[in-house]
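What follows is calculated from the coordinates using simple rules that are stated; it is not laboratory data. Model, not experiment: these values are computed from the prediction. Every residue, glycine among them, receives a Cβ derived from its backbone with ideal geometry; neighbour counts consider all protein chains shown.
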Amino acid sequence: MHWKVKKTIVMVGMMGAGKTAVGRALANRLGVPFLDSDAEIVDAANMSIAEIFERDGEAFFRAKESQVIDRLLDSERCVLSTGGGAFLAEGNRQMISDKGVSVWLNADIDLLWSRVKHKDTRPLLRTENPRATLEAIYDARVPLYAKADLRVDADRDVTIEAMAGRVIDALLTRPDVLEKVDDN
């Protein structure tokens, strides 16, 4: 048995929700490429996202991010991981829903904090009180993530593989996106 992926599957959610790790595992199981919009921006700019934020500002970064997501949605069917802020722009949400399907990896604040607190690669968390900053970002973004086409809840004890399985189960409710193909 194998899978027929009819639309690009776009992973959305907070930093630390598992978009990259779960996205990779999902792409592997479905037999499609895994792409990461942040990685594509870093490659194109030849600098880190933190450096882009510092040099050109967040608005410039968001404009580039939209261009990259649009281009990736127009390329081959894949699993696409997006930065935590990508889904906040209405234009991006519309583009993703029109050309693909958005999957919100919904993780609670304690799980997110446990995953991001030891990393200094998050420009938005370079503040006096990073936990409070994360909570403020979370509170602002969750109502927008809730507009995703599909929602998959993340729990502390669930492995990356099991999360990929949960995403597949959610995708199977959308025959326009994913189909099981019998090999007989």
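Would you please give the residues with an amide H less than 5 Å from that of SER81, counting only those at least 5 places away or on a separate chain, with H modeled from the backbone geometry?
Amide H to amide H, under 5 Å and 5 or more residues apart or across chains, SER81 pairs with MET11, LEU35, ASP36, SER37.
Which FRET efficiency value, to the nearest 0.05, do you get for ALA162 and LYS4 by plugging their Cβ-Cβ distance into 1/(1 + (r/R0)^6) with R0 = 25 Å?
Values: r = 23 Å, r/R0 = 0.91.
The value I calculate is 0.65.
Which angle from 0 to 90°, rounded to the nearest 10, does the C-alpha axis of helix 58-74 make with the longest principal axis of the chain?
Approximately 10 degrees, to the nearest 10.
Go through VAL158, ALA132, VAL181 and say which Cα lies farthest out towards the positive end of the charge dipole of the chain; charges sit on Cβ, +1 for Lys and Arg, -1 for Asp and Glu.
My answer, from the dipole projection, is VAL181.
At a threshold of 8 angstrom on Cα-Cα distance, excluding pairs fewer than six apart, so keeping six or more, what relative contact order does the chain reach in percent?
Working: 279 pairs, mean separation 69.5, N = 184.
Taking the mean separation of contacting Cα pairs over the length of the chain, I get 38 percent.
Suppose every Lys and Arg Cβ carries +1 and every Asp and Glu Cβ carries -1, with no other charges. What dipole size does the chain come out with about its Cα centre, to the nearest 20 debye? Present the calculation step by step, with values, prior to reporting the outcome.
Details: 26 positive and 30 negative charges, 29 e Å.
It works out to roughly 140 debye.
Can you give the angle from 0 to 90° between the axis of helix 160-171 and the longest principal axis of the chain, with both taken from C-alpha atoms, to the nearest 10?
Relative to the chain, helix 160-171 is tipped by roughly 60 degrees.
Run through region 78-184 and list the GluC sites (Glu not before Pro) located in a DSSP loop whose Cβ has at most 16 other Cβ atoms within 10 Å.
Within region 78-184, the qualifying GluC sites (Glu not before Pro) (loop, at most 16 other Cβ atoms within 10 Å) are GLU128.
Considering only DSSP beta bridges whose two residues both sit in region 2-178, what percent are antiparallel, to the nearest 5?
Working: 1 of 16 bridges.
Roughly 5 percent of the DSSP beta bridges within region 2-178 come out antiparallel.
Within the chain, what is the number of lysine pairs with alpha carbons under 30 Å apart, leaving out pairs fewer than eight places apart on the same chain?
Step by step, the pairs that qualify in the chain add up to 29.
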